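In what follows, a single structure is set out as structure tokens and then discussed.
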Ligand code: GLN
Ligand code: ZN
């Protein structure tokens with residue numbers, strides 16, 4: 001019989017119980033015991049509902065987290081940087097301090113670095129290793145949760161991050177020797193894994209799921225030796241090992257993976273269905289069971305049973321039912337908990353989607369079909385699915401012809417500005433009149449309680465649209481006045497009208513639907529509610545023009561309009577699965593192009609199109625980069641190139657690690673780009689110089705992610721260092737990201753220092 005499995009489940013609770021409990025604990029309103037109780041309730045409800053959905057024994061345990069599962073793993077393995085030790089904190093507070101820093105009762109430690117989890121918008125806390133790392137099992141989380149489930153009468157498959165991925169996803173800590181490689185710690189780490197796995201076996205676990213997602217990356221090709229050593233050592237003491245890979249394809253790594261002494265291998269057939277044949281061929285003569293990641297853990301679309309059955313049947317025919325496990329492609333932590341909480345979607349729309357709980361049911365039905373079930377419920381589920389899919393196909397056929405035609409009619413000249421930057425620069429000088437070292441901000445100003453309250457009241461219908469607009473206008477006017485008083489040169493309206501930089505645009509465009517409760521964890525207790533793209537995207541009318549032109553009307557200083565770019569809107573939404581990402585990105589770009597043109601017509605001097613997600617969307621395999629970068633950069637250009645030479649285009653990225661994609665950054669041809677540069681060293685600026693970058697650059701002069709106020713001298717020093725690398729004529733002076741999460745007090749103090757440092761630079765250089 002084919003069995004079924006869910007690789008991981010959202011751990012936020014159906015009503016965001018975990019967020020509420022964790023934040024209450026941070027605020028001192030919840031005890032550690034109360035927090036543990038909430039966690040236990042959520043785990044219990046996850047396990048029981050998965051069981052009810054008919055998922056066979058492979059429900060996960062050990063994957064729950066109060067903050068981040070990689071952080072849990074580091075804490076369990078005693079990978080705790082020195083700065084958190086010996087401060088008199090409880091283990092739970094050490095854990096949270098690693099995740100988010102801690103500034104209270106005489107303890108002042110910054111958070112550990114966070115990174116995006118592969119190509120998703122989930123962030124993990126990066127483990128820090130050095131020669132000194134002293135691995136030991138502080139606690140066996142997988143085993144504790146395994147037993148917790150067992151006590152409820154539920155048999156689970158514990159989930160543990162695999163040793164090679166753990167080391168490779170980590171980084172060398174500051175006190176490590178310069179050439180230290182975390183992977184060199186493998187011999188020291190394996191005994192601790194052995195202990196963990198042996199405990200699980202002793203507790204009665206039949207299987208253990210070891211996650212090795214780095215196997216879908218190019219660099220894993222260099223780790224054959226480490227994989228072979230590790231799994232040869234682990235398998236004799238462990239329960240049956242299911243080695244899981246996800247988010248991509250194994251490619252040549254399959255050659256050594258299929259030879260590992262493992263009992264099962266999981267592959268992602270949602271992202272990489274094309275790998276099925278070669279994987280079957282590679283494992284056929286072994287005894288390895290194959291876990292088929294057929295149900296997407298990354299999108300919210302209902303599965304197409306017919307297509308999935310076809311793939312699954314191939315595996316069953318080749319390996320037999322008993323060697324086939326039907327599974328989600330990855331953990332379901334990337335999608336919302338359940339469709340049941342959605343009351344506003346129409347029945348037609350609801351029928352298109354599956355969230356985590358609904359996906360669990362899909363896995364279970366598929367496994368039964370592949371086991372040859374004659375159950376009437378199963379065949380009716382398959383029939384119902386066929387009907388849903390055909391209705392969805394019908395809906396897809398009602399595409400917006402005018403949008404499709406417009407995309408088809410895009411010509412290369414639409415991607416290029418009328419003149420090269422050198423010419424535009426002179427035209428813009430006359431048009432905008434900015435001083436040297438122009439000062440500006442990245443767009444948002446503090447989103448205060450008053451702003452959030454007004455928005456909530458408006459959403460609930462407690463104030464009228466006119467009242468809300470009045471409120472926003474007052475807010476904009478005061479933000480403009482503030483910028484004038486502080487002495488900034490290029491102003492913004494402050495973005496008070498936006499709940500979120502993607503959702504806001506989604507709500508103003510055709511082609512999107514929204515959930516009420518579709519929360520997905522982004523990091524720690526921060527959850528987002530991505531909009532869903534369901535059909536062709538177009539702009540029914542101007543989006544931001546009203547706000548930007550109002551802002552311009554109350555000042556003589558030049559105003560910068562503020563938009564989110566096409567690639568970022570796409571990446572932070574759930575995209576359609578029936579057409580390419582490229583097509584969706586181009587449709588978004590055309591809508592934004594009209595907006596940029598309208599902003600220019602309305603007398604706005606500059607327009608910033610933010611693309612913080614361009615890098616995150618980069619494919620995991622290098623061979624796929626060029627195609628992506630081509631359409632991603634083209635989309636930005638399409639959005640921004642429809643205006644006259646006089647309009648100054650800006651773009652912003654929240655990161656600075658783009659050494660390896662620099663030519664694409666250059667190809668964007670934005671008049672000004674602002675980037676994060678306050679935390680990183682000046683390496684990035686050297687890259688700009690190396691490539692002879694000649695458009696304007698605004699490397700962030702201070703970090704906005706902390707309430708700390710940078711001193712005037714500190715910012716001068718920063719500018720001095722930058723000017724050793726970059727010509728003074730290119731430099732803009734700005735913070736490194738938007739100010740929406742900051743308070744007014746530190747915003748004012750920091751910006752005053754920023755302006756003063758820019759004035760100093762004007763005299764010095
Ligand atoms: N304009 C946005 C803001 O200032 C940019 C945010 C971002 O880059 N993440 O908030
Ligand atoms: Zn940013």
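Just so you know, all these numbers are worked out from the coordinates, no wet-lab data involved. Please read all numbers here as calculations on a predicted model, not as lab measurements. No Cβ is skipped: glycine too gets one built from the backbone with ideal geometry, and neighbour counts run over all protein chains shown.
Determine the percent antiparallel among the DSSP beta bridges restricted to the chain, to the nearest 5. Within the chain, antiparallel bridges account for around 20 percent of the total. When the P(r) is computed for the stretch 343-498, the part past 19 Å accounts for 77% of the Cα-Cα pairs. Restricted to Cα atoms, the stretch 1-44 shows a radius of gyration and a Dmax of 13.8, 50 angstrom.
Taking the centroid of alpha carbons for each part, the stretch 607-626 and the stretch 140-191 are 30 Å apart. Using C-alpha pairs below 8 Å separated by at least 6 residues, the relative contact order for the stretch 407-516 is 31 percent.
Taking every Cα-Cα distance in the stretch 225-381 and sorting them into 10 Å bins from zero, the calculated P(r) comes out as 11, 37, 32, 15, 5, 0 percent. Note on the chain: semi-axes of the ellipsoid equivalent to its C-alpha gyration tensor, largest first and rounded to whole Å, are 44, 31, 25. Subtracting the Cα-Cα distance of residue 421 and residue 34 from their residue separation scaled by 0.36 nm leaves 133.4 nm.
With Cα atoms defining each centre, the stretch 720-762 and the stretch 462-480 are spaced 29 Å apart in the structure. Here is the tail figure for the stretch 524-573: Cα pairs spaced more than 16 Å apart come to 61 percent of all pairs. For a modelled paramagnetic label at residue 749, 7 Å from Cα along Cα-to-Cβ, the residues of the stretch 702-717 in reach, with backbone nitrogen under 18 Å, are 702-716. Restricting attention to the stretch 97-226, close to 55% of DSSP beta bridges with both partner residues there are antiparallel. Computing FRET efficiency as 1/(1 + (r/R0)^6) for residue 499 and residue 92, where r is the C-beta to C-beta distance and R0 is 22 Å, gives about 0.10.
Divide the volume of the convex hull around the Cα atoms of the stretch 107-171 by the residue count and you get 168 Å³ per residue. P(r) tail for the stretch 544-586: Cα pairs beyond 18 Å make up 48% of the total. Note on the stretch 695-739: the C-alpha convex hull projects to 3.3 nm² when averaged across all orientations.
In terms of other Cβ atoms within 10 Å, 654, 737 run from fewest to most in the order 654, 737. One chain, two ends: residue 466 and residue 762. Fully extended at 0.36 nm per residue, the span grows by 102.2 nm beyond their Cα-Cα distance. Between residue 136 and residue 601, the distance separating the two model label sites (each 7 Å from Cα on the Cα→Cβ line) works out to 7.1 nm.
FRET efficiency for the residue 510 to residue 623 pair, using the beta carbon distance and R₀ = 45 Å, is estimated at 0.80. The calculated FRET efficiency for the pair residue 553 and residue 348, based on their C-beta separation and a Förster distance of 60 Å, comes to about 0.90.
Report the extension gain between residue 484 and residue 151 in nm, rounded to one decimal, defined as 0.36 nm multiplied by the number of residues separating them, less their alpha carbon distance.
113.5 nm
With the highest mean first, a sort of the peptides 62-72, 296-306, 195-205 on other beta-carbon atoms found within 10 angstrom per residue produces 62-72, 296-306, 195-205. Our compactness index for the stretch 30-96, the C-alpha radius of gyration over the empirical 2.2 N^0.38 Å, is 1.38. Taking label points 7 Å from Cα along the Cα-to-Cβ direction, residue 341 and residue 708 give a separation of 3.6 nm. Per residue, the convex hull spanned by the alpha carbons of the stretch 552-624 comes to 109 Å³. Sorting 131, 497 from the fewest to the most surrounding beta carbons within 10 angstrom yields 131, 497.
Cβ crowding within 10 Å ranks 471, 30 as 30, 471, fewest other Cβ atoms first. Entry note, the stretch 612-757: relative contact order of 21 percent, from Cα contacts under 8 Å with a spacing of 6+ residues.
Dividing the mean sequence gap of close Cα pairs (under 8 Å, 6+ apart) by how many residues the chain holds gives a relative contact order of 12 percent. Over every Cα atom in the stretch 629-689, the radius of gyration and the widest Cα-Cα span, Dmax, amount to 12.4, 36 Å. The stretch 628-670 and the stretch 311-348 have Cα centres spaced 37 Å apart. Shape index of the stretch 127-279: Rg/Rh, with Rg the Cα radius of gyration and Rh the Kirkwood radius from the inverse mean 1/r over Cα pairs, equals 0.98.
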